[in-house]
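Notes to accompany the following structure.
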Amino acid sequence: MHLLLLVFVLAFIIWSVIKPVDYLTWAAEVLPAVAGLIILSATYRRFQLTTLSYIIIAILAVAMSIGGHYTYAKVPLFNRLKDAFDLSRNHYDRLGHFLKGMFVIVIREILLRASPLTKGFWLSIISLSLSLAIAALYEIIEWLSVVIIKGKKVSTDFLGMQGDMWDAQWDMALNLTGAVLALLLLTNLHNRLLQHKR
C-alpha cells in the first residue's frame, strides 16, 4: 500500500512538472512536497508512519502538485465551478488549506511516538497548535515571497489572494477547520492503527 501511494504521488509530481503555467511557481508550490517525500523515504525503515498518515500525506502532495501545475488560482475544474455558481474567486486554494489541516493527524502521530505526550486532551491541543503554527508560517512565507520579489507575477501566483484582503485569515481558518474535523473523525481510527506500531 505504501509503495502504491508513493508511485501515485510520484506520477502526479511528474505530470505537474510537464509544462506548468510557470516553473518558479511550480517550484514554490511542489518542492516542499518533494522534500517531504525524500525525508519520508529516508526515514521509512527507522520511523514508519501509519497508513492513514501516508494517505493524508499523499492527498496533500497530489493537491500541491495540481496547484503547482496550474497555480492555485487557475485550477480548471474550480474555474468551471466559479463560473457555474457565479463565485467571486477560484476556491481551489481554500480546499488546499482545508486539506492541509488534515496534516494534524501526522503531527499527532509524531508527537505520540517521539515525545512523552500520551493520548488525550493535551495531545489534541498541542497537535492543533502545531498545525496552526505551520499554517501561519506558510502565510508568512507567502507574504515574504511577495515582499522579496516585489510583487512580480510568480510571487502573486504563489500568494494566490485573488484580490481578497482576508485571504490569509481564510486560509488559516480553513486549516483550523480541517484539523478539528480530522481530529474528531479520525482519532479513533488513528489510535487503532497506532496499536500495530508498538
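The values are calculated or read from the model by the stated rules, or taken from the named source; none is laboratory data. Computed from a prediction, not measured in an experiment: that's the story for all the values here. Here the Cβ positions follow ideal geometry from the backbone for every residue, glycine too, while neighbour counts run over all protein chains shown. The area values use the complete protein model at the heavy-atom level, side chains included, leaving out ligands, DNA and RNA. Shrake-Rupley method; radii C 1.70, N 1.55, O 1.52, S 1.80 Å.
Yes or no, residue by residue, for (1) without any contact (Cβ under 8 Å) to a residue 60 or more places away in the chain; (2) open to solvent by 60 Å² or more (accessible area, probe 1.4 Å):
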| site | (1), (2) |
| --- | --- |
| ASP86 | yes, yes |
| HIS91 | yes, yes |
| LEU99 | no, no |
| ARG113 | no, yes |
| LEU128 | yes, no |
| TYR138 | yes, no |
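Please go through the stretch 44-65 and pick out each residue that is closer than 23 Å to PRO20 by Cβ and open to solvent by 40 Å² or more (accessible area, probe 1.4 Å).
Once the filter is applied, which keeps residues that are closer than 23 Å to PRO20 by Cβ and open to solvent by 40 Å² or more (accessible area, probe 1.4 Å), the stretch 44-65 yields only ILE59.
In the stretch 16-43, how many are in contact with a His (Cβ under 9 Å, 6 or more places away or on another chain) and either modelled with pLDDT under 95 or surrounded by 14 or more Cβ atoms within 10 Å (Cβ to Cβ) (or both)?
First, pick out the residues of the stretch 16-43 that are in contact with a His (Cβ under 9 Å, 6 or more places away or on another chain): 16-21, 26, 29-30.
If we keep only those that are either modelled with pLDDT under 95 or surrounded by 14 or more Cβ atoms within 10 Å (Cβ to Cβ) (or both) too, we end up with 16-17, 20-21, 26, 29-30.
Here the count works out to 7.
In the stretch 115-126, which residues are open to solvent by 50 Å² or more (accessible area, probe 1.4 Å) and outside any loop (DSSP other than H, G, I, E, B)?
Those that are open to solvent by 50 Å² or more (accessible area, probe 1.4 Å) and outside any loop (DSSP other than H, G, I, E, B): PHE121, TRP122, ILE125, ILE126.
If I go through the stretch 153-198 residue by residue, how many of them are loosely packed, with under 13 Cβ neighbours inside 10 Å, part of a helix (DSSP H, G or I) and either modelled with pLDDT under 90 or not polar (S, T, N, Q) (or both)?
Residues meeting the conditions: 6.
Condition first: loosely packed, with under 14 Cβ neighbours inside 10 Å and modelled with pLDDT of 95 or more. Now tell me which residues in the stretch 3-14 satisfy that.
Within the stretch 3-14, LEU4, VAL7, PHE8, ALA11, ILE14 qualify.
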